[in-house]
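A.B. asks: To start, I am sharing the structure in question, which I have written as structure tokens.
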Amino acid sequence: MSEMENRMDRTPIAVLVSGGGTNLQALIDAQESGTLKSGVLRVVISANPRAFALERARKAGIEALVLPSAGFEQALAEALEAREIDMIILAGFMRILSAEFTSRWPRRILNIHPALIPSFCGQGYYGLKVHEAALARGVKVTGATVHYVNEIPDGGEIILQKPVEVLPGDTPEVLQRRVMEQAEWILLPQAAELVAAELAAKGEQNR
Ligand code: GRF
């Protein structure tokens, strides 16, 4: 197969972000090193024009798109359609997508959560709150989970998980950083490749 045909078979991916975008950076690095090879990061989308993640996208030569907060999902659906996106990755995306939206993308939306689901997950568990809750409960092991997104917050089928040790004296910030370094930044590119490969194979069958 020629390089050209090979490229055409890659699953086009949109990444939705709200903040700093270190998980997006892990995806960009994976694409550049070739570990993410069955998918291609085509667009990075945010409702927050100040999200540093957008800067990371531009720097990597990936389109960075800001959509209005009001009417976000409608604008999102149109943007995805126009770019022929087949897969969505939520990488630190702070909004909850409606059941109407997620039902149109079954097993095509991935999210990364900074705990071992079903612990410390669901409505209200985001950002540092997750790690505060883990420390308050006194767990000795936490971690990260990549899962499919459905209508239940953090409730979709689990794709990959990775445990991380909680150490004496941990603060929420220290624990958050360890979970990112030892789990999130490794797990998200792995899961992205897994799902992109599956979708690329599916696309091939339908051709
Ligand atoms: C990560 O901890 C992720 O698990 C959670 O939000 C945080 C985003 O961080 N969903 P970043 O924007 O990728 O740096």
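Taken together, the values in this text are just the output of simple stated rules run on the coordinates, not laboratory data. What you see is a predicted model; the values in this text were computed from it and never measured. Quick reminder, even Gly has a Cβ in these numbers, built from the backbone with ideal geometry, and neighbours come from all protein chains shown.
A.B. asks: Please list, in order along region 99-115, the HN-Hα scalar couplings obtained from phi with the Karplus expression 6.51 cos²θ - 1.76 cosθ + 1.60 (θ = phi - 60°), rounded to whole Hz, x for Gly and Pro.
C.D. replies: For region 99-115, the Karplus curve yields 4, 4, 6, 5, 5, 7, 10, x, 6, 10, 10, 10, 9, 10, 10, x, 7 Hz.
A.B. asks: Could I ask something else about it? What are the lysines whose alpha-carbon lies under 25 Å from the alpha-carbon of residue 37, with same-chain residues fewer than 8 places away excluded?
C.D. replies: 59, 162, 202
A.B. asks: So if I place +1 on the C-beta of Lys and Arg and -1 on the C-beta of Asp and Glu, and nothing else carries charge, what would the dipole magnitude of region 1-89 be about its Cα centre? I want it in debye, nearest 20.
C.D. replies: 340
A.B. asks: Right, here's the next one. Given labels modelled 7 Å from the Cα in the Cβ direction, how far is it in nm from residue 128 to residue 74?
C.D. replies: 3.7
A.B. asks: Show me, for region 139-154, the HN-Hα J-couplings you get by feeding each phi into the Karplus relation (A = 6.51, B = -1.76, C = 1.60, θ = phi - 60°), rounded to Hz, glycine and proline as x.
C.D. replies: 5, 9, 9, 10, x, 9, 9, 10, 9, 6, 9, 10, 6, 9, x, 6
A.B. asks: Defining a contact as two alpha carbons under 8 Å apart and six or more residues distant in sequence, what relative contact order in percent does the chain show?
C.D. replies: Contact order relative to length: 23 percent.
A.B. asks: So for each of 10-16, 118-124, 35-41 I average, over its residues, the number of other beta carbons within 10 Å; can you give me the resulting order with the highest mean first?
C.D. replies: With the highest mean Cβ count within 10 Å placed first, the list reads 10-16, 35-41, 118-124.
A.B. asks: Also, quick follow-up: Residues of region 147-167 with the amide nitrogen closer than 15 Å to a label point 7 Å from the Cα of residue 99, along Cα-to-Cβ, please.
C.D. replies: Label zone hits: 150-156.
A.B. asks: Can you pull the one-decimal nm distance between simple spin-label points at residue 198 and residue 81, each 7 Å off the Cα toward Cβ?
C.D. replies: Each label point is offset 7 Å from its Cα along the Cβ direction, giving 2.6 nm.
A.B. asks: Got a sec? Which residues in region 40-66 would a label at residue 107 touch, if it sits 7 Å along Cα→Cβ and we count backbone N under 11 Å?
C.D. replies: It comes to no residues whatsoever.
A.B. asks: First select every other residue whose beta carbon is under 14 angstrom from the beta carbon of residue 48; then total the charges, Lys and Arg +1, Asp and Glu -1.
C.D. replies: Overall, the nearby charge balance is +2.
A.B. asks: Ok, one more. With a point put 7 Å past each Cα toward its Cβ, work out how far residue 32 is from residue 182 in nm, to one decimal.
C.D. replies: 2.7
A.B. asks: Ok, one more. What number, in percent, do you get for the relative contact order of region 107-207 if the mean sequence gap of Cα pairs under 8 Å and at least 6 apart is divided by its residue count?
C.D. replies: Averaging sequence separation for qualifying contacts and normalising by length gives 29 percent for region 107-207.
A.B. asks: Where in the chain are the helices, taken as whole DSSP H runs, whose Cα atoms extend 27 angstrom or more along the long axis and whose Kyte-Doolittle mean reaches at least 0.5? Don't skip to the end; give the middle numbers.
C.D. replies: Working: long enough: 185-206 (32 Å, 0.31).
Flagged H segments: there are none.
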